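Read through the structure below, which is laid out as structure tokens, and then see the notes.
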Amino acid sequence: MKSLSVEQRITTIYTNESRRVLATLIRLLQGNFDLAEEAMQDAFVAALAQWQRDGVPDNPRAWLISTGRFKAIDRIRKNTSQDHHLQAFAHTLSAELATELPDDDDAIEDDRLRLIFTCCHPSLAMEARIALTLREVCGLTTEAIAAAFLVPVPTLAQRIVRAKNKIRDAVIPYDVPEPEQLPKRLEAVLPVIYLVFNEGYSASSGGKVVQRDLSAEAIRLGRLLSDLLPHADADGLLALMLLHDARRAGRTNANGDLIPLEEQDRSLWNRAQIREGCELVVQALKAGPPGIYTLQASIAAVHAEAPSAKETDWAEITGLYDILLRINPSPVVQLNRAAALAMRDGPEAGLEAIDKLMGLKNLKHYYLLYAARADLFRRMGLSQEATCCYQQALDLTQQEPERRFLQQRLSTLQNN
């Protein structure tokens with residue numbers, strides 16, 4: 001087998017190690033994100049030149065961290081000759097060079113946790129947390145994140161800049177929370193990961209149902225958090241994402257058109273991923289009272305293990321939604337429960353439950369409320385009412401495959 005060139009090895013090391021290197025450099029450079037990013041890039045440029053001559057070191061990650069720290073000091077000294085505060089900062093960093101750098105995995109992984117918790121700090125706006133996490137923890141470019149969320153690149157770049165400034169100005173600590181703070185801080189981290197996954201799993205707008213890169217990054221983040229910080233809520237979230245993502249191949253046809261759950265070819269579902277997700281659900285349930293992600297994952301597991309929509313245990317799903325509503329009484333959960341109730345007790349029961357939600361302000365512009373209501377009217381043979389609701393849903397959705405699906409249902413009703 002042909003051996004890899006130095007350039008190929010550096011590319012592989014960048015892919016596998018750059019986020020670890022960056023996380024440690026941010027700590028060593030006292031939370032200066034921009035300086036750490038520049039130092040990391042300088043270190044990889046130096047590696048390309050030096051490793052060609054001397055060979056790849058035994059511990060390339062430690063070499064890159066050490067070189068990055070030297071490069072940062074050089075940058076400060078060259079650019080801040082008149083700034084006494086930055087000169088003092090450079091002097092402090094120079095004095096710290098005698099300090100042994102961590103070369104064990106545990107210390108490096110602690111830095112990765114620090115980076116996640118800092119990027120997802122509750123004092124940052126949710127949009128900023130998402131942008132900063134995808135940029136710094138995942139390594140996505142600003143252009144890629146902007147394209148994924150259909151946001152102008154300058155707008156996205158400004159969010160990242162403002163988030164970094166907030167971290168600096170508010171002196172947000174670059175640290176893993178203490179055990180007593182962990183549940184509260186996880187409440188700020190987990191929604192970020194899940195929002196990234198949801199945008200990848202079912203895009204809020206645009207021409208595709210799925211943005212695979214985003215959902216894959218969210219699952220990677222979920223794995224990282226679950227591995228580094230074993231916790232029932234983290235396991236529950238990872239299980240939920242795996243179980244949803246396992247159905248990806250069956251959710252659209254060759255033309256990218258949406259296929260509803262009851263019509264999907266379940267042989268296309270990823271069984272290995274379903275097994276892993278179900279095992280994580282059991283693990284999370286054994287750890288204590290279930291949180292919102294574990295309960296949602298439990299519902300997804302019932303769907304995933306059912307041979308068909310008709311053979312799904314809708315009574316169990318409805319019961320799980322009842323428990324979920326007690327700890328998370330959100331309108332969307334109420335709507336999902338109503339849909340499950342319709343499958344368990346019939347469309348009339350589901351419609352009665354949905355009608356009680358029609359006055360909720362949070363659902364007024366939620367197209368799935370009208371789509372669900374339309375489907376129940378359709379199943380009851382009430383074509384005129386179904387047509388009206390499908391049109392309302394169509395007016396609200398911004399995703400092209402969803403629009404095509406709703407338009408198809410609407411056309412079928414009008415042609416009958």
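Once you put a point 7 Å from the Cα of R77 and another 7 Å from the Cα of D34, both along the Cβ direction, what distance in nm separates them?
Each label point lies 7 Å from its Cα, and together they span 2.2 nm.
Pulled fully out, how much extra length does the chain show between D395 and D227, if you take 0.36 nm times their separation in residues and subtract their Cα-Cα distance?
Full extension from D395 to D227 adds 56.2 nm.
Probe radius 1.4 Å, ligands and nucleic acids ignored: give me the carbon and sulfur share of the accessible area of the chain as a rounded percent.
51 percent
Loop only per DSSP, at most 13 neighbouring Cβ atoms within 10 Å: give me the trypsin sites (Lys or Arg not before Pro) in region 368-407, ordered by residue number.
none
So if I place +1 on the C-beta of Lys and Arg and -1 on the C-beta of Asp and Glu, and nothing else carries charge, what would the dipole magnitude of the chain be about its Cα centre? I want it in debye, nearest 20.
That gives a dipole near 880 debye.
Give the separation of the Cα centroids, region 294-351 to region 42-58, in Å.
Computed from Cα coordinates, the inter-centre distance equals 56 Å.
Taking GluC sites (Glu not before Pro) that fall in a DSSP loop and have at most 11 other Cβ atoms within 10 Å as cut points, what is the longest piece of the chain between them?
That would be 181-310.
Expressed as cubic angstrom per residue, what is the convex hull volume of the alpha carbon set of the chain?
177 Å³
Which three extents, in angstrom, do the Cα atoms of region 262-416 have along their principal axes, listed largest first?
Largest to smallest, the principal-axis extents are 50, 36, 30 Å.
In region 232-315, which trypsin sites (Lys or Arg not before Pro) fall in coil by DSSP and have 11 or fewer other Cβ atoms within 10 Å?
Qualifying residues, ordered by number: K310.
Let me have the 222 nm mean residue ellipticity of the chain computed from DSSP H runs of 4+ only, each contributing -39500 (n - 2.57), with the sum over all residues rounded to the nearest 500.
Calculated mean residue ellipticity at 222 nm is -22500 deg cm²/dmol.
Whole number please: convex hull volume per residue, Cα atoms of region 191-293, in Å³.
103 Å³
Any chance you could run the full-extension gain for R404 through K184? It's 0.36 nm times the residue separation minus the Cα-Cα distance, nm to one decimal.
Once the chain is fully extended between R404 and K184, it gains 75.1 nm.
Taking every pair of distinct Cα atoms and averaging 1/r, then inverting, what Kirkwood hydrodynamic radius in Å comes out for region 5-71?
Value: 11.7 Å, from the Cα pair sum.
The values are calculated or read from the model by the stated rules, or taken from the named source; none is laboratory data. What you see is a predicted model, and the numbers here were worked out from it, not measured in a lab. Every residue, glycine among them, receives a Cβ derived from its backbone with ideal geometry; neighbour counts consider all protein chains shown. Note: accessible area is taken over every heavy atom of the protein model, side chains too, but ligands, DNA and RNA are not part of it. Shrake-Rupley method; radii C 1.70, N 1.55, O 1.52, S 1.80 Å.
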